[in-house]
Structures are given as C-alpha cells and as structure tokens.
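Asker: Structure in structure tokens, see below.
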Amino acid sequence: MQTPLKLNYRRTFLVGLAFMSISAFWQMYDNVIPLILKYTFSIDDTLIGVVMAMDNVLALVLLPVFGRLSDKTRTRIGRRMPYILVGTAVALACLVLLPAAQAAGNLPLFFVGLGLVLVAMATYRSPAVALMPDVTPKPLRSQGNAVINLMGAVGGMLMLLAMQLMLPAAVSGQDYRPNYAPLFLTLGIVMAVCVAVLLATIREVPLAAETEQINRALGGQEAQAAPAAAGGSLSKAHRRSLWFILASVALWFFGYNAVTSGFSRYATEVLGGSFSMILMVCTAAAIVSYIPVGIIASRIGRKKTILIGVALLGSAFLAAGFFRSVTAVIYIFFIMAGMGWAFINVNSYPMVVELASAGDTGQYTGYYYTVSMAAQIATPIFSGFLMGHVGYWTLFPYATLFVWGSFVTMLFVKHGDSKPQAKRGLEALDVDD
C-alpha cells in the first residue's frame, strides 16, 4: 500500500518555537511598553502611539533586507539558524536595559534599549518564518503554517498569563510603577528556552536538503509553483499573480486591523458594552480553526480556502455594522470573523513563498511582511480619522469594503496554489518519523 505525503507535525511544532518566541515578545511589547511610557515616564498618548508604531516602521525596512541576506547565507548550521540564534541573543542582552531603565526612571536609556531590542527582533523575524517552508514540502505548507500560527498563539497566551499573575491592574489617575523585572525575566526565559530547544532538535541543513529533494520529486507541481531558479526572475504570469496576492494581503489587513485597532472605542461609543469578551471569542475561533483549515486547504487548494475565508470575514463585518448593542447574535458574527481570518491567514503566506525558488524564500517572506506591515501602519490612521471626523459608524463599512476588495483581487491570482497530491511514486517521500 502506498504512503501519501504527510506533514511531520512533531518537526513543525519544533520549528514553530522560533515564532512562539517572537509572538511572546510582541505580546509583551504591545501591552507592557505603553504602561511604562504612560505611568513611569508620563508620555502623551499620541507620542505613545508613535512609539508603538516604530516596530512596524522598522519592519518595513529590515524584514526584506534580512530575509534576503538569510537566503544568501551558507553556514554549518544553515541559512536561517544563525540569524535566529544571534538575533535572539542580542535581543535578550538588550532586554535587560528596559526594566533597569524603568526602575531608574531613565528615559534616554529606556529608548536606547527599546530601539536595540526592536532592531534585534527585526533581524531574525523573516529568517524564523522562512524556516518553515524551507523544511516543509510545498503541498503541506498551509498545514505547516497552521501549526506555526498555533505556536505563536501559545507564546502570546503564555505572556498574557504571566502579565495576569505578575502585574496589578492599572488604575487611571494613580501612580503605577510595579516591579517589571520578574515579567521581563519570564519573557527572557521563554525566548531562550524556545530557541535552545529549536537549535537542539532541528538540523536545518539536512532537513532543507531533504525537502528540496521532495519538491523536485513532485515534478509538475514544482515547475508550476516556482518557475525561476534561485535569484532569477518570475515569468510575467507568475509575477502578475504575486502582485495580486500581495494586493490581497494589503486589502484584508487594511480591513481586519482597522477593526482590531478601533473596536474598543467603537464598542464603547456605539455598542455601549464591553469589547474584550467579543475579541476573545473571535481570537479563540481563529485558534481552534488553524489546524482544520490547513487540512481543508490540502484538499481543496489554498485559493479556494482563502476565498471562503474572505467571504466569511467580509460577511461578518457587514453584519456587525448593523448592531447598536451587544447581543448574543453579535458573538456569532465574530466567531465567523475569527474563522474567516484563520482561513485567510493560514494560506496567504504559503501562497507567496510558493512562487519563490528554494533560494529565495527569505526574500519573498520579506515581501509578505513588508506589505502586511505597511497596511497595519496605515489603516489605524485612516480608519481612526473617519471614526473621529465622520462617525464611529464608519468602522465596519470601511473594513467591509477592503475585505471584499481582497476577494476581487484574489480572483485574478492564477499561481501559488497547491495541487492534490499524486497517488503514486511518493512512497519514499514520507516525512513522518
């Protein structure tokens, strides 16, 4: 009996440790840094917003650069591992400056430390993400990306739990200067353990070679997916698909992140209720959907799966705009939104790197993050302007317009999808342990 090609889940979970460490850091950054800036250094809220956007600005510049550099790197431990190891080590070394500067009330030292940490994190984000497609056969990358997203969610939840246990609640108008050192120490331990286990268990060089051999054995699919040699040019048709995929990424991030960045204010002003439980339900729906979505994509293809997700997300946002209070029904639509986002998010990155050759994965990873980060910088500004000067009711029509726009652009994507696995000739390609 012939054995079909299937994902090595153990290996993929271990590869996901790199993204888990990154997600743990960003959870801390998004929630703790604003508290320090506001309550320790009395920074204005507008300036806090500028500081919090700096990570996305740095990402626009550094992610493509280090993604491409890692493509060209050749070392005994691989192309991606040196960046993951050095980037994590530098980030951890600079991380100690932040609680020390906060405790001393030294704002210049805090900004120096924060800048160094952000640069260090940006140097290895693209290589860390590119490691998954490097060691995962092309037809299985949606399933692999589902596991990576799940590991990222675990990292974020670990730090949320740490913050819940270690930080008292902040009360407006009161002096709030807890001891942040234990929390930063916990983050450092999580990041260090994740990367140490990754380095101890994943041998990038032989695994990447094995995966490249599998992709060659897949023959027709490889030729369809990656028409250019490493460092070469895409054909006109494949380049057109790449541009439409990236346009779709920009559009759905414009819609989705407008809601995630503005919903707390929208819920307060329009729904007159709490926002946190609604967003938690949405996030939980996405987390539960990740693994099944990867399996669905392997059956029906990435493009169809994304189109289903866009339809779910766009319909949920359209319906949510009609609510003027929090009811049980609104939770149903946010469950739809979470599921729709999982359908999209699991498959969009694999479609981009499907168009890359084996030597250009980091570069194409940089393309994906450049577009998504640019959208996340711009959309809070645009949607915030509309909410502040036209009305809060504009949030969901704005988001709906962009999400359904991505449905249109995805229709023009003709390459980067996965094909059904061949029924024969793959006995030697089983990647399970």
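Readers should treat all values here as calculations from the given coordinates under stated rules, not as data from a laboratory. Just so it is clear, the structure is predicted and the values come from calculations on it, not from any experiment. Here the Cβ is made from the backbone with ideal geometry for all residues, glycine too, and neighbour counts use every protein chain on show.
Asker: Which number comes out as Rg/Rh for region 9-218 once both Rg and the Kirkwood Rh are worked out on C-alpha atoms?
Answerer: My calculation of the ratio gives 1.02.
Asker: Going by alpha carbons, how many degrees (0 to 90, nearest 10) lie between the helix axis of 302-320 and the longest principal axis of the chain?
Answerer: 20
Asker: A further question follows. What value, in deg cm²/dmol to 500, does the helix sum -39500 (n - 2.57) over DSSP H runs of n ≥ 4 give at 222 nm once divided by the residues of the chain? Walk me through the numbers on the way to the answer.
Answerer: Numbers: 16 runs with 320 residues, N = 433.
About -25500 deg cm²/dmol.
Asker: How high is the relative contact order of the chain, in percent, counting Cα pairs under 8 Å that sit 6 or more residues apart?
Answerer: On the way: 690 pairs, mean separation 123.5, N = 433.
For the chain, the relative contact order is 29 percent.
Asker: Computed on alpha carbon atoms, what radius of gyration and Dmax characterise the chain, expressed in Å?
Answerer: Values for the chain (Cα only, Rg and Dmax): 21.7, 70 Å.
Asker: Any idea what the dipole of region 236-418 comes to, in debye rounded to 20, about its Cα centre with Lys/Arg Cβ at +1 and Asp/Glu Cβ at -1? Write out the running numbers ahead of the final one.
Answerer: Numbers: 10 positive and 4 negative charges, 81 e Å.
Once rounded to the nearest 20, the dipole reads 380 debye.
Asker: Taking θ as phi - 60°, what are the ³J(HN,Hα) couplings along region 83-100 by the Karplus curve (6.51, -1.76, 1.60), each to the nearest whole Hz, with x for Gly and Pro?
Answerer: Those phi angles translate into 5, 5, 5, 5, x, 5, 4, 5, 4, 5, 5, 7, 4, 5, 5, 5, x, 5 Hz.
Asker: Per 0.36 nm of contour for each residue apart, how much would the distance between M52 and W393 grow if the chain were fully extended, relative to their Cα-Cα spacing? Provide the component values of the computation, followed by the final result.
Answerer: Working: separation 341, 0.36 × 341 = 122.76 nm, distance 2.57 nm.
Gain in length upon complete extension: 120.2 nm.
Asker: Give the total of Lys-Lys pairs in the chain with Cα-Cα distances below 27 Å; include a pair only if its members are 8 or more places apart or on different chains.
Answerer: 25
Asker: Connecting C-alpha atoms closer than 10 Å in a GNM of the chain, tell me which of D71, D175, D360 has the biggest fluctuation.
Answerer: D175
Asker: Determine, for M159, M373, the number of other Cβ atoms within 10 Å of each Cβ, and report the residues in order from fewest to most. Walk me through the numbers before you get to the answer.
Answerer: Working: M159 23, M373 20.
Starting with the residue having the fewest Cβ neighbours, the order is M373, M159.
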